[in-house]
Every structure is written in C-alpha cells, then in structure tokens.
Amino acid sequence: MRVNSFRSCAASIVLVIGLAGLTASARVAAGPQLTIATVSIADNRLTIAGTNFGGGVPSVTLAGSTLAIVRSSDREIVAETPYLGAGAYVLEVSRDAGATPEGRARTSVVIK
C-alpha cells in the first residue's frame with residue numbers, strides 16, 4: 001500500500017515539473033515580423049502585413065508620430081496616417097508597448 005502511494009506522489013511531482021516547463025517555454029514568442037507596408041494616399045491609411053502582431057492592439061509609429069489603429073489582427077494592422085510627402089520614414093510596430101526588444105519591429109517606408 002505504501003509503495004503505491006509513493007509512486008502516485010512521484011508521478012504527480014513529475015507532471016507538475018513538466019507542466020511548469022511547458023508554461024515557461026510557451027511565454028517565449030517570436031517578435032513581430034513586418035512583411036510589407038502599403039500607404040493609401042486616397043484614404044490616409046497604412047496597411048502593414050506580417051506575423052506575430054499579437055492579439056491586443058499594437059502601437060504603430062511612423063516618422064516618430066503615433067498612429068491611430070483602425071483595426072488589427074495577428075497578421076495585419078491598418079492605421080490612419082497624416083499626410084506625408086515624398087520621402088523615407090521610419091515605421092515601428094510594438095506589440096507589448098515596446099517593453100522588450102522582442103516585441104518591436106522597425107523598418108523604413110518610402111513614399112514616392
């Protein structure tokens with residue numbers, strides 16, 4: 001009878017340690033990846049395609065200005081843009097308020 005109790009206890013400890021390990025590794029996620037950014041001059045919208053944008057509302061800055069998010073998903077963000085003349089602008093997407101380097105992606109957008 002005691003041997004069975006010991007085996008149950010040992011199995012429970014291994015299970016708890018195993019689950020703790022899975023939880024820790026599940027928290028590590030890839031950062032946002034920007035695939036393409038398109039600016040529509042007609043309706044002042046910036047559409048950003050990519051992956052790992054997260055489930056919440058991301059933060060998007062263009063040329064140092066924070067943009068209003070129209071809609072977002074894990075793979076696409078649509079934001080309102082101010083009028084921008086021709087030039088190159090820095091685009092940054094932050095999924096966790098920029099708290100970690102893994103939560104940010106940066107690239108350049110060129111408007112001709």
Only Lys, Arg (+1) and Asp, Glu (-1) charged, at Cβ; region 33-111 dipole about Cα centre in debye
40
Could you give me the ³J(HN,Hα) list for region 74-79, computed from phi with Karplus coefficients 6.51, -1.76, 1.60 and θ = phi - 60°, whole Hz, x at Gly and Pro?
5, 10, 8, 10, 10, 10
Spatial extent of region 33-111: Rg and Dmax, with the Cα atoms as the point set, Å:
11.5, 35
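Readers should treat all values here as calculations from the given coordinates under stated rules, not as data from a laboratory. Bear in mind the structure is a predicted one, so any value in this text is a computation, not a measurement. Note that we place each Cβ from the backbone using ideal geometry, even for glycine, and neighbour counts take in every protein chain shown.
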